[in-house]
Every structure is written in C-alpha cells, then in structure tokens.
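K.L.:
Below you'll find the structure I mean.
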Amino acid sequence: MSVALRLLALASCLRPVVSYQFYQRYLPNGDKVSVNGFRWYAIGHVLPDAYLPQLARNDFGRAFAKAGYRWTEELCRMDSDGDGRTNGEELGDPDCTWRYDEPHPAAPEEGLSHPGVDERVVPFDALQVLHNSTGRLRFTANWRESPSHQHHPKNATASWSAFYDMLPPRDAPVMDEEAFELRIGNRILFSLYFAIFPALCMVAVGVRHKYNIAISLWGWLAAHLSLFTGVSIGSHRLFSHNAFVPARWFKLLLIFLGTMSGQGEPRYWAVMHRQHHNRCEELGDDPHAAALELERGLGFAHGGFLYDRLEHYMRDIEQRAPDLMDADHELFGNGRSIALFILLPLLLGNLASLVAFYRSSRAPPSGQGGAASGGAVSVRERMYRAVAVGFTSVSFYFYLPATMVWHASMLINSAVHTVGYSLYKDAMSEACTATNLPLLFPYMLGEQNHNNHHAEPSAISTWHLWWEVDLIPLVIRALEACGAVV
C-alpha cells in the first residue's frame, strides 16, 4: 500500500514537468484573438459556433496539426476558412516571416480574426465563447505550465481528429415539468447507486449463504463487461465522440446496454460528456467539476453533482445533440429507458425464480439431497428458495455490475481529475485537470488514461505510453473484424 501511495505522489509531482503549454503560443498573435472581448483559447482546435453545436473542428486546426503544431510558411499562406484572406493576414503575419520565440507582429488595422472561421458567415459578435458567469478561473492552471519555451518534442503532441462545441444556456431556466422530471430521475440514480443497490447486494450475500445458491463468476463478469461496454464504447466513445462507425444492429445493442447500465439515456450521457470537455473544470459550466480549488471536490464529482442543477444542462437536447435525435435513440427515449432499466431486471429475476421453482420439484428424496425431514421438499420451502434464487441472481448479475460500472464512471469525474500525471494540456479549457492514473487498470480498462483522452477526444485509443494500457481499441478492432464496426 505504501508503494502505491508513493507512486501516486510521484505521479502528481510529475504533472507540472510533463505538461506543455497552449498551442496558441506557437501562432503569431495566437493569444490575442478575442471574441466579444474574451480571449479565444482554443484557436487552432475547434470552431466556436454556438448555432451549430455539433460542427466539427475547423480546417485551420487540421492544417495546424498536420504541420506538427508549428507556424510554417505553407500554413501561413493558406486560406483555411475561405474568406479571401490568408491565415497570416488574419493573424498579423502577412509576409509569413514570424518564427516561434520572436516578438509577435503588430495587429493589422482591420484587427485580428480567426483563420479557421469565415466571419462573413459566422460573425464573431454573434458567438458565445469560453467564459461563464463566474468570470472563468483563468489562472487556476498557471502553476502547471512548463517554463520551457521549446517546441513540442516529436510525437509528444496529440492531434484532435474531431470535436464538438456544446454551449449551455448562461442562465438556468425556470424549473418546468421537463426539468423537474430530470431532477427527480437524477436523484433516484444517486439513491440507487449510493444506498439501495449496495444494500441489496449485501443482503444477497447473506441470502446466498443461507440457501447455498451457486453464483457463476463468469456470468457476473459477462454482465459487468456488457454494461461497461454500453457506457465506455457506446455512450462515451461512440455517442459522445463519434470515434467509430457501427453497424446499425450494433448501434442498437450499444444503446440498449447503455440504457441498462442505469446512467440514463445514452444521448443525455453524451450531452453531459461533451459539455464536460468543452467547459472542463469551469465552475458553473462543467456539470461535474472535480478540482478542489473550485470548492466542490471529490464528493461532488463522484456523484454529488446529481443533486446540483444538473437538469439544466440536459434541457433542449434537440438543439444540443441533433446527431443523436434519430429513430434508434428514440426507441429507448421518452421515459422508456427508465422503465426498461427498472422492469427488465425484475422480469428476469422472476423468470429465474420460476425456473428454480420448477427444478426444485424434481429434487431427490432424503438421503440424496432432499428435505432434512425425510420427505419431499415442501412447496413453501421451494417457494422461499425460488424467490432467493431470483433475488440473488438479480443482485449479483445486475445490481452489483451496474454499481461497479457506475463507480468506474464516477472515478473518471473524480480520481482522474485530481490524482495522477498529465502529458497534455487541454486546449479547450485551461483550467482542466484531467490526469492519467494507470493504477486504476484493469478496473477501468483504459478509461484511466483521461488526460490522453482530453488531448484527442475522438481517438479510439488512449494508449500512448507502454504502461497506459487501453483495451477498448482492441475490442473495437475485434468488432470491426466481426462486422459490428464498419
């Protein structure tokens, strides 16, 4: 245990050493491009478009990544956004002479503009930008910035293949029927995973011992991995980040498994997760910020946010996630996901009880495993045992796996935003404290590499260094070979 604590302490100390600075430092006037007077930190990474929340990253960002995150003459002379001005002209370097570590050139008379956004189509004064009502804690991450002014070492930067801009309403709307239903649902989830399900599982241990009920370890593992797949591969890597393209039947299966995980509809899960990336660790905008300096801490991030005003981030899903408003998601939408999550396990538990009751009627007489009284097993005893089998089966094959998968998801919000090391700086939000914590493998199967994930959210794999094991891409490759992924 002491060795583990020492490793955690060492990893935390390494964070400021291996972190690197914002990409904007590698562009002329990269730290001066502003929107409505607020600096646009994510220049070169995402398109700041409040009206098209699912629009992919801009072409300038792609070209910048292809150039190795360096300001080259070729990149300078491009017109990435097609507005008739070269990237250099928009950033104040029309002659393409600026080099890294040189003083920034003077801004042009017409002002600086974003080289990846055509202002004729998307005017800056119409955009909501990276700030919030609390004034953005812009300096919370300064201590983690490396003092080095060298270029990024080769292979040390992660490219962003795609990302999405999810912008919440600045003022929480008045509580209405939709918001009220969401609030009640969130608090029920909190009660289930922190009290009800753990209590039922502990009771099931005693019931299993009393009636000597066999529990299959492989059956439990299959149930656990199925629910984990629904969340990690489905709700997270597919529906939140579009990391791969599934066959339709596999997409439906992932929606079903994500629903059965008990973490809400996968599309609501995806909306929350996109919001987390876009406003990571920003008080008032990140639904489950974990940073202790935000006065919320681990308890809030590890499920306590369900008692916050979470429902206001989940409203207007049609505008927030139009790509998830298809017929496949509607199959489990509009309350059907809750009914399925509650009723299907009960139905399967009753089925297990009926099977156990039927099989008990064929029990051998006394001396061969029958009743201790010397006669056949009574109907009452058969009923008690059948109910015990159903209850134990549901507890071990559903309540326990669902609870473990839930807490794995919560560890992403809490542990890997407070303990561990960082290889990359999140250009979406300078306050972000996402870390890698390899000690959580194999429990999290790859999701423990959260800093790597924040560096390239749409990548299938987070396996960057040899010890940062991620089994999810191996599973996806296997599914691709089977035709589940196209």
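K.L.:
Among the candidates Val475, Val486, Val419, single out the residue that is surrounded by fewer than 18 Cβ atoms within 10 Å (Cβ to Cβ) and either touching a residue at least 40 places away in the same chain (Cβ under 8 Å) or not assigned by TED's automatic domain parsing to the domain that holds Phe239 (or both). Talk me through it step by step, then tell me what you get.
P.N.:
Numbers: Val475 fails: surrounded by fewer than 18 Cβ atoms within 10 Å (Cβ to Cβ); Val419 fails: surrounded by fewer than 18 Cβ atoms within 10 Å (Cβ to Cβ).
That would be Val486, the only listed residue that is surrounded by fewer than 18 Cβ atoms within 10 Å (Cβ to Cβ) and either touching a residue at least 40 places away in the same chain (Cβ under 8 Å) or not assigned by TED's automatic domain parsing to the domain that holds Phe239 (or both).
K.L.:
Only one of Arg315, Arg248, Arg279, Arg336 is surrounded by fewer than 22 Cβ atoms within 10 Å (Cβ to Cβ), in contact with an Asp or Glu (Cβ under 8 Å, 6 or more places away or on another chain), at pLDDT 75 or above and of a type outside the set (Ser, Thr, Tyr); which?
P.N.:
Within the list Arg315, Arg248, Arg279, Arg336, the selection yields Arg248.
K.L.:
How about segment 70-91: which of its residues are buried (at least 20 other Cβ atoms within 10 Å of the Cβ) and touching a His at 6+ places or on another chain (Cβ under 8 Å)?
P.N.:
Those that are buried (at least 20 other Cβ atoms within 10 Å of the Cβ) and touching a His at 6+ places or on another chain (Cβ under 8 Å): Asp81, Glu90.
K.L.:
Name the single residue, out of those in segment 68-124 being farther than 15 Å from Asn29 by Cα and among the basic types (Lys, Arg), that is modelled with the lowest pLDDT.
P.N.:
Arg120
K.L.:
Shifting gears a bit: What residue, of Ala214, Ala223, is in the same structural domain as Leu340 (by TED's automatic domain parsing) and either touching a residue at least 24 places away in the same chain (Cβ under 8 Å) or in a helix (DSSP H, G or I) (or both)?
P.N.:
One residue alone meets the criteria, Ala223.
K.L.:
Right, something else. If you scan segment 62-98, which residues turn out to be more than 37 Å from the chain's Cα centre (by Cα), assigned to a loop (DSSP other than H, G, I, E, B) and of a type outside the set (Phe, Trp, Tyr)?
P.N.:
Selection gives Gly84, Arg85, Gly92, Asp93, Pro94, Asp95, Cys96, Thr97.
The values are calculated or read from the model by the stated rules, or taken from the named source; none is laboratory data. Worth saying up front: this structure is predicted, and the values here are computed from it rather than measured. Backbone-built Cβ (ideal geometry, glycine too); neighbour counts: all protein chains shown.
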